[in-house]
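Undergrad: Please find one structure pasted underneath; my questions will follow.
No lab work stands behind these numbers, since they all come straight from the coordinates. Note that the structure is predicted; figures quoted are calculated from it, not measured. Backbone-built Cβ (ideal geometry, glycine too); neighbour counts: all protein chains shown.
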Amino acid sequence: MEYEEFLKSKNIEHGMSGFNDIPELNNQLMDFQSDIVKWSLKKGKACIFADCGMGKTFMQLEWARCVSEKTNAPVLILAPLAVSDQTIREGNKFGIHVEHLRSDVWDKGIYITNYERLHKYDIHQFKGLVLDESSILKSYTGKYRTEIIEESQSIPYRLACTATPAPNDFMELGNHAEFVNAMTRTEMLSMFFVHDGGETQKWRLKGHAENEFWKWVASWAVMIRKPSDLGYDDGNYILPELTVNQVTVHSDKPTEGFLFPMEAQGLQERQKARKTTMMERVNACAEMVNNSDETWIIWCGLNSESEELRRAIHGSVEVKGSDSDEHKKKSLLGFANGEIHVLISKVSIAGFGMNFQICHNMAFVGLSDSYEQYYQAVRRCWRFGQKKPVNVNIITSDREGAVVKNVMRKEADAVRMQEEMVQHMHLINERNIRGTTRTITEYHAEIKIQLPSWLK
């Protein structure tokens, strides 16, 4: 190995492997969207971490169109259930044709299928792969994560799109880096992180490596919450007001093993309290929704809650895990089109990828400790394109302990860390995206190497 090659091997910045010349893009793209698409095409393998409503679907569709036409081969989009039909509809709006993947294909074009159906097809036939709602890679031991990363290695063009990833979830970033071949998760951890205390599952950024870490992330991912994060004018990308109301219902039922109600302390106690106070919370929600003539989405966590809510709320439609895929898609798209007045479901079913700007009222009939689920559920309605103030009602019992405070604390931590993440990546992303230039690290030797006498 020559010395210059050795130096290049030490460069951790993710290089370009994509287009040298960018074709003409859809003129309906906003200026920041157009530049992000250009940058991702030049990269060849890249991630777009754009907040809800920033146009990820349009950007990934235009990227897929360009890759398909450049390679004269098919491109595959993987998406959650029901998001596939929504993506096809969005494509029609922008003049980009997308088809459901039914069998192996050999002609160029854009095809889409659900993550759950990936194992049915040979993805090596595609020259481009797009992961919609790529937070599915978060589960670094999950079967989808492993299958996607391993099977995609032969695909030259790859794009992962999701809302801003959890800033403190470095495993999620590591999985995305592995997907785009920037670095393996193990290499990332050993280079930039140290074990936090005695727990091997917790990692902390090395203090001196923080700036280099975010510089490296910015070489393969763009992060944007609003256009001004990249130096563009925010224009209409200003979110309406969000109001969060906590509704606490009282329960007189004694806690198991006690003569009177006790506030739950641990997770198991909270789960028991949630079950024993179900009807009080259901009735509080039903009274709220039945007295309103507006559209509502109701989030629940238990099948029993879902069933009781359907019985109690007039004209409501329930979507649960055991329903057929056809019922799920019909109901979710029907709600998005305004054909359904009240939708009842779990966040794990309807909380990812769907656009519900038609609704600005929601209720959580109980709350889990997962901030990600809370965030994703709220952002179905509170997203760019929403014209009305959004009202979020969290209905819990006085026995469920500090679950709401816990989620709100996680939200404050996430917002703070996202601010830090965007701050670290702002100048680098702005230069990379707005300039859309290739990054080249040059080395100019000024001192000749002197060989020691024993080598001569």
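Undergrad: What order do you get for Val105, Val98, Val403, Val194 when you list them from fewest to most C-beta neighbours inside 10 Å?
TA: Ordered from fewest to most neighbouring Cβ atoms within 10 Å, Val105, Val98, Val403, Val194 come out as Val194, Val105, Val403, Val98.
Undergrad: Of Asp85, Asp234, Asp122, how do they rank once you tally other Cβ atoms within 10 Å and put the fewest first?
TA: Result, fewest neighbours first: Asp122, Asp234, Asp85.
Undergrad: Provide Thr243, Thr396 in ascending order of the number of other Cβ atoms located within 10 Å of each residue's Cβ, fewest first.
TA: Least crowded to most crowded, the residues run Thr243, Thr396.
Undergrad: Now, a different point. In straight Cα distance, which lysines are under 24 Å from Lys346, not counting same-chain residues fewer than 8 positions off?
TA: Lys56, Lys138, Lys143, Lys272, Lys275, Lys320, Lys328, Lys329, Lys330, Lys388, Lys405, Lys410
Undergrad: Which residues does the label zone of Asp369 cover in region 209-253, counting backbone N under 12 Å from a point 7 Å along Cα→Cβ?
TA: It comes to no residues whatsoever.
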